[in-house]
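Visitor: Here you go, one structure.
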Amino acid sequence: MSFNKNNPNAMGKIVGYLKQISTEMGGSEQNRRSQTDEERLYRPRGAKYARVPSGPTLSASTTATSLVTCGSQGTLVPNYAAIPEIPSTESSSEDEQDSFEKTRRHFQQLRQISLGNEFKYKMEMEIKSAKEENLRNSVPFVKQLSTDSNKVKTDNTINGDAHPYGPTTQRLFLWTQIYVAFAVSMGSFINGFSAGYTSPALPSMNETLAITEEENSWIGGLMPLAALVGGVAGGPLVENVGRRLTIMGTALPFFMGWMLIANAINVNMVLVGRALCGICVGIGSLAFPVYLGETIQPEVRGSLGLLPTAFGNTGILLAFFAGAYINWSHLAFLGAALPVPFFLLMILTPETPRWYISKGRTEDAKKALQWLRGKNINTDKEMRELTHSQAESDLTSSGNAFGQLLSRKYLPAVLISLCLMLFQQLSGINAVIFYASKIFKMAGSTVDKNVCSIIIGVVNFISTFIATAIIDRLGRKMLLYISSVAMIITLVILGSYLYVLEAGTDVSNYGWLPLACLVIYVLGFSIGFGPIPWLMLGEILPAKIRGTAASLATAFNWTCTFVVTKSFHNIIAAIKMYGTVWLFAVLCLMGLIFVIFFVPETRGKSLEEIEKKITGGSRRVRRLSSSKPIQNNC
């Protein structure tokens, strides 16, 4: 059987068509093997064959044009050139030629549609991939934290910088920061226990030891004086020995002091023990906020930074409740047991990265920072900020430590810290707490004075936890505003009540008013001016003078405490009780004005940002920084 298009047999005619098409499109077998697929597909054809058929059929070029303009469901596809017509090597009739043309055009249409669909599929996949990439980059930080926290991230960094598509807010790894805050707060718990010890212990101590009234006053007042000494000595210790070792070092003197008190056979042993505890209280008062300020991230520094104050109030309550059931010696043994877990917890904590940087120990600083932030967190940016801040301090600082405190650069931060401590004590909180029972007695309150003291103590305890929960939401200044306004209003009302009482007016129907005023007063103090000056002590002081300035502020605070408490009776004798209360209200008003105009807001800011805002930064460092090209991490 002859297979060609002139064969009368139908099967032979079809096979002949296919053979002719194959031969004319690809050439000889040898040529086809030497050509690539692209060369065989797009090889040039003669111009005389590029004619458009006269019949009303759909041409390949028309198909390509329609695919470009319409596409499948409006999707644009490439406009591929139409395949030129294939020359015919044999003469044929017009019908045979039209049949051949129809077969060729059908093949071209199928090929064009196939290529268009392939292009369309590739474009749709690329668009889908781009949409998924954009969606992944636009996911909020909190959702990324919840969904990707357990995944190991690929270290796709550029020149050591953070991942260009990482979240703008640094992720929080809270467990280590909560741990260090809890460990440090255990030291503050011992401080509170030491402050509350004398109130329940002195009555039973008078029954065992022969103690005079003067010795009683020294047992109660020696701790604040010793704390003053500890505050002065703590500055050089935190700068030279380190924050962590200084805090850990207080555990042993605490233990020795409590053991001396517990086994005391005379008053002198009690006084020595109280002095040792007081020195540790003074050191801890400045070291705790400095340590937490340098280790906790800005997002939670307010909440976790107030834990020491809350634990200190808890220690006071523990001393009151335990002292109601055990005598002074057993209560001192309980105090001696508290430094043991405190020391064990502090063993696992790291030194602050800023102290390591100040001593040139960069690798130790990086390890400590990685431990605090989590092993999967990129800490390069924070390390660069630490080293830049330290370089600025080294370039601009000269002279001795106390001389730097008076320099134009650091003096504003020092004055803000000292004034916050001053207004904290001038609010009269210690005088009101120490003499609450006497105030109730002078006010003629109908509520039992012991019940009133317990209520005030519980309010002082609870309000600190309230401040811990809201400080990072409202900010430091807002809580200071609320604190000042609450104290001013209650002190004015209480002073007016005492003035009316002094004038001889019957106020028996308002016997509840002194308790209500003092409860709101203590609540206002405990959420603002009580803990925030200590918190800001570790925030606003520049790194170069942080230890020395914190030592000065702590000593100043204990001095003010001693002066206000000691002079309270003399002020009452001079201007009466109502005048004294109104004086405290005026001083609180002055504190409010100071906060409005001079105290910066530190919520959510890193220590480097706070320092730059207060000190203005170094001009020399700014010039060096501005001369360097800015790297685009995006």
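The values are calculated or read from the model by the stated rules, or taken from the named source; none is laboratory data. What you see is a predicted model; the values in this text were computed from it and never measured. All Cβ positions, even for glycine, are placed from backbone atoms using ideal geometry, and neighbour counts span all protein chains on display. Ligands, DNA and RNA are excluded from the accessible area calculation, which covers all protein heavy atoms including side chains. Shrake-Rupley method; radii C 1.70, N 1.55, O 1.52, S 1.80 Å.
Visitor: Within the bounds of region 338-351, is there any residue that is touching a Gly at 6+ places or on another chain (Cβ under 7 Å) and closer than 22 Å to L541 by Cβ?
Guide: Taking every residue of region 338-351 in turn, at least one turns out to be touching a Gly at 6+ places or on another chain (Cβ under 7 Å) and closer than 22 Å to L541 by Cβ.
Visitor: Scan region 367-391 residue by residue and report those that are under 21 Å from V238 (Cβ atoms) and either over 17 Å from the mean Cα position of the chain (by Cα) or modelled with pLDDT under 85 (or both).
Guide: Once the filter is applied, which keeps residues that are under 21 Å from V238 (Cβ atoms) and either over 17 Å from the mean Cα position of the chain (by Cα) or modelled with pLDDT under 85 (or both), region 367-391 yields K367, T387, S389, Q390.
Visitor: Still on this model: Within the set of pairs 6 or more residues apart or between chains, which connect a residue that is acidic (D, E) inside region 536-549 to a residue that is modelled with pLDDT of 85 or more and open to solvent by less than 10 Å² (accessible area, probe 1.4 Å) with Cβ atoms less than 6 Å apart?
Guide: Close Cβ pairs (under 6 Å, with a partner that is modelled with pLDDT of 85 or more and open to solvent by less than 10 Å² (accessible area, probe 1.4 Å)) amount to E539/G293; E539/T602; E539/I610.
Visitor: Take region 238-252 and flag every residue that is crowded, with 19+ Cβ neighbours inside 10 Å and either assigned to a helix (DSSP H, G or I) or small (G, A, S) (or both).
Guide: The answer is V238, E239, G242, R243, R244, T246, I247, M248, A251.
Visitor: From F525, F529, which residue is surrounded by 24 or more Cβ atoms within 10 Å (Cβ to Cβ), in a helix (DSSP H, G or I), aromatic (F, W, Y) and modelled with pLDDT of 85 or more?
Guide: F525
Visitor: Let me ask something else about it. Find the residue count for region 597-618, including only residues that are open to solvent by less than 80 Å² (accessible area, probe 1.4 Å), assigned to a helix (DSSP H, G or I) and either among the hydrophobic types (A, V, I, L, M, F, W, C) or in contact with a His (Cβ under 7 Å, 6 or more places away or on another chain) (or both).
Guide: Total satisfying the criteria: 3.
Visitor: Kindly indicate the residue of region 492-522 that is outside any helix (DSSP H, G or I) and free of Cβ contacts under 8 Å to residues at least 12 places away in the same chain and also most open to solvent (accessible area, probe 1.4 Å) among those meeting that condition. Explain how you work it out, then say what you get.
Guide: Residues of region 492-522 outside any helix (DSSP H, G or I): 503-507, 511-512.
Those left that are additionally free of Cβ contacts under 8 Å to residues at least 12 places away in the same chain: 503-506.
Numbers: A503: 75, G504: 65, T505: 72, D506: 120 Å².
Result: D506.
Let's see how each residue does on (1) open to solvent by 20 Å² or more (accessible area, probe 1.4 Å); (2) among the hydroxyl-bearing types (S, T, Y); (3) closer than 27 Å to A201 by Cα; (4) not in a helix (DSSP H, G or I):
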position	(1), (2), (3), (4)
P236	yes, no, no, no
G257	no, no, yes, no
L271	yes, no, yes, no
V281	no, no, yes, no
Y291	no, yes, no, no
E294	no, no, no, no
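Visitor: Before we move on, is E608 out of contact with any Leu (no Cβ under 7 Å at 6 or more places or on another chain), of a type in the set (D, E) and at pLDDT 85 or above?
Guide: no
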